[in-house]
1. Is there any pair linking a residue in the stretch 167-178 that is closer than 18 Å to residue 37 by Cα and touching a residue at least 12 places away in the same chain (Cβ under 8 Å) to one that is buried (at least 16 other Cβ atoms within 10 Å of the Cβ) and hydroxyl-bearing (Ser, Thr, Tyr), with Cβ under 6 Å and at least six apart or on different chains, and which?
2. What's the total number of residues in the stretch 169-185 that are touching a Ser or Thr at 6+ places or on another chain (Cβ under 7 Å), in a loop (DSSP other than H, G, I, E, B) and loosely packed, with under 15 Cβ neighbours inside 10 Å?
3. With 60, 48, 41, 81 as the choices, which residue is surrounded by fewer than 16 Cβ atoms within 10 Å (Cβ to Cβ) and at pLDDT 95 or above?
4. Looking at the structure I just gave you, is residue 116 farther than 23 Å from residue 40 by Cβ and in contact (Cβ under 8 Å) with a residue 40 or more places away in the chain?
Amino acid sequence: MNYKQSRDSFFIINILLAALLSCFIFSSSVYAAGNNYRLNTGDRIKITVYGEDDLSMETTLGDSGVINYPFLGEIAIEGMTIKKLENYIRQNLDGDYLINPNVHVSIEEYRPFYINGQVKTPGGYPYQPGLTIQRAVSLAGGFTERASKKNTFIVHENRPQSRIRASLYMKVKPGDIITVEESFF
């Protein structure tokens, strides 16, 4: 192997290591956020039981908060975390149906957030991880000319009685309701 081949190999290995490291960091941060995330109406989830295609499924959580899962019947999953749902399915399939099943649950699509008031296109929009109020306003077509950027409020789904004055850089969560009020001058 000559010097040029050695240098090229070194360069390629470093690129691959950097790519693997960034994938690990990204997946770790998504996984950590998913540990505390509670499932609710409108979330689309994917349940995978490796090696058992009949037990793998995608479903959207309806108003009842219940899914119908093969062999286990109806499972009330509203308010569960991803990890808790994985453990529940694994424990209930283990022994009677499978031996040591490998269960993975992921969120395919989060429930929407809502934005109303002085934005060009108010309504519900698909949530995206890392969403801020400023990005939510952009998704809604931007502020109207009468919008008050200082009088923007957010109501978190888990605290419906609590209306919080919000900055444009505040994080939005699935199910949140953002209201942009009108400016008087």
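1. 174/110; 174/127; 177/114
2. Going through the stretch 169-185 one residue at a time, the tally reaches 1.
3. 60
4. Details: farther than 23 Å from residue 40 by Cβ: no; in contact (Cβ under 8 Å) with a residue 40 or more places away in the chain: yes.
Criteria not met by residue 116.
The values are calculated or read from the model by the stated rules, or taken from the named source; none is laboratory data. Being a predicted model, the structure only gives us computed values, none of them experimental. As a convention, Cβ positions derive from the backbone with ideal geometry for all residues, glycine included, and neighbour counts pool all protein chains shown.
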